[in-house]
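The values are calculated or read from the model by the stated rules, or taken from the named source; none is laboratory data. No experiment lies behind these values; they were computed from the predicted model shown. Heads up, the Cβs are rebuilt from the backbone with ideal geometry, glycines too, and the neighbour counts pull from every protein chain shown. Side chains are part of the model used for accessible areas, which takes the heavy atoms of the whole protein and leaves out ligands, DNA and RNA. Shrake-Rupley method; radii C 1.70, N 1.55, O 1.52, S 1.80 Å.
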Amino acid sequence: MIPNSSRKRQRPPHHHASAIVEAFPHKTISEFSQKLPRTSFSFNDPSTADVILRFFIDRSPFDSSNPSDSARHSDLQIYLHSRVIFRAKYFSALLSDRWQHQANNHNAGHDSRTSANCNNMFHLNLGVHDDPTVHLTVLQLLYTYDFPTVIASASTALEILPVALELLFEDCVKACVKFLEAVPWSEEEEKRVLSLIPLLREEESKELLARVSPGEDDFYEEMLHGLIEKAMYSQPNMAFVKVFVAKLLRDFSSRESARRVLERAFDANLRIVKESLEQYSSPDFRGDHNETEAIQRLHLHTAMTNGRHLLWLVERMIELKVADLAVKQWSEQAAFTVDLQKAFRDDAWRNLVPGLPAVMLRCTCKLASAVAAGTILSSRQVRMKLVKDWLPVLISCKDNVSPMLPSHKTLYLELEETFLRIISTLPMSDAQVLLQQCLSFSTRNVEDCPHLVTAFNTWFRRASQPPQMENLG
């Protein structure tokens, strides 16, 4: 909640609070008063004071206490000066003529917060929930104004701030807030800051809120998207940064926010790869030959770089189970797969970007495997088009990429098996067309391609079954 600037500062009512105090500190008030520098008026000086402030433990009826505890808890009083404590609006209100007149007329007795005797010595009562040490510190600050010395840590500022708010000591509140604005907080300290922000005015809490509260609805997703962009484009140790950003996506993104930021990055990278391959496959030869070659090399390198980013994005989307739209888009790339086949039939990529075919097939394999495993539930049209458009790319790679590395052979076999599993989920008419294109999966020894044998056995077994349409009524 953002506080309203027109709201008056309200002192938390101490008479409703409850706390059990183990014991007052063993230090005497005179020892305590020596911690800070003195001014013309001395803190707790009975010879010049005109105010006696009595601390008492304000217990709730629900507090449990035993007689021994009560015996150890004696009321504590200190000597103050009205001209000094007027700096706190709480005391200023208590000591005003109007309040004094009302208090004397009603003869408030022991329960009143203030009374005056014939010697003009004002007696004030102040209930505390617990150890009054922090209250004493704030009262001394009314005398010394030595905020930099006292407020030297976030924990100290957080202890003093509630008391300063209770006593309406505005300068102390400002000093605490200014310190908290400038220093780091622990997680526990941040929780305490958040609990105190509603008690501050809007202008006081503005900087604290800016640290912990996003300013816009899409602030969170913009941060995640910025991290993805940095991981892919702006870091020299890209692999390490990608690992770290992947962890952040797992730990801090909701499924929908992850979906949106990853789909946004996927769209951008896929578009760059497609445009680069399209320009490479249909070059403009009107310029200088050397210049054209340089541009072609640039197109291939751009496709390779963004292809690697695309693979990383696909892995993240599958890991977070938000790859359904990516599968659909990947299945609608008929023109892109044609450009890839053109590029792989050329020899330029072999020396410039030899890893490009494997990167494209790994993207395909990751997405297709998720579909075959049921991790991504895709429609029949998407499953059919995914195999139909990308099966020729796999065949082109097997025909044109040489020598075939062991890692490539493993990748090809995995994608073959995955395509055949997806084909087994399609209507027999679609499976019939696609299986015929899979004959290139066969090897010299039939025993070396059991996945292909199983796929055809399945199709022929189904084809041999009598029609079941008449039983569907």
> Taking the alpha-carbon centroid of each part, what is the distance from the range 134-153 to the range 338-389 in angstrom?
Replying inline: 69
> Under the definition of Cα pairs under 8 Å and six or more residues apart, what whole-number percent is the relative contact order of the range 254-419?
Replying inline: 27
> How would you classify the range 328-473 from its alpha-carbon gyration tensor, with a ≥ b ≥ c the square roots of the eigenvalues: rounded for a/c under 1.5, else prolate if a/b is greater than b/c, otherwise oblate?
Replying inline: prolate
> How high is the FRET efficiency between His129 and Ala210 when r is their beta carbon distance and R₀ equals 45 Å, given to the nearest 0.05?
Replying inline: 0.90
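Roughly to the nearest percent, how much of the accessible area of the range 254-419 is carbon and sulfur, given a 1.4 Å probe?
Here it works out to 52 percent.
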> So which chymotrypsin sites (Phe, Trp or Tyr not before Pro) in the range 224-316 are both in a DSSP loop and have at most 12 other Cβ atoms within 10 Å of their Cβ?
Replying inline: Phe285
>> How large is the accessible surface of Arg87 in square angstrom, using a 1.4 angstrom probe and rounding to the nearest 10?
In response: 110
>> Beyond a 22 Å Cα-Cα separation, which of these cross-linked pairs lie in this structure: Lys191/Lys321; Lys385/Lys409; Lys366/Lys409; Lys247/Lys328; Lys342/Lys388?
In response: Lys191/Lys321; Lys385/Lys409; Lys247/Lys328
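Just the accessible area per residue of the range 221-262, please: how many Å² with a 1.4 Å probe?
59
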> Ordering His123, His299, His81 by how much accessible area each has at a 1.4 Å probe, largest first, what is the list?
Replying inline: His123, His299, His81
> When Rg is the radius of gyration of the Cα atoms in the range 254-419 and Rh is its Kirkwood radius, what does Rg/Rh come to?
Replying inline: 0.98
> How much of Lys409 can a 1.4 Å solvent probe reach, expressed as accessible area in Å² and rounded to 10?
Replying inline: 140
> What ranking of Arg362, Arg444 comes out by heavy-atom accessible area, probe 1.4 Å, highest first?
Replying inline: Arg444, Arg362
> Hey, if we sort Glu293, Glu447, Glu207 by accessible area with the 1.4 Å probe, largest down, what's the order?
Replying inline: Glu447, Glu207, Glu293
> So how exposed is Ser153, as accessible area in Å² (1.4 Å probe, rounded to 10)?
Replying inline: 40
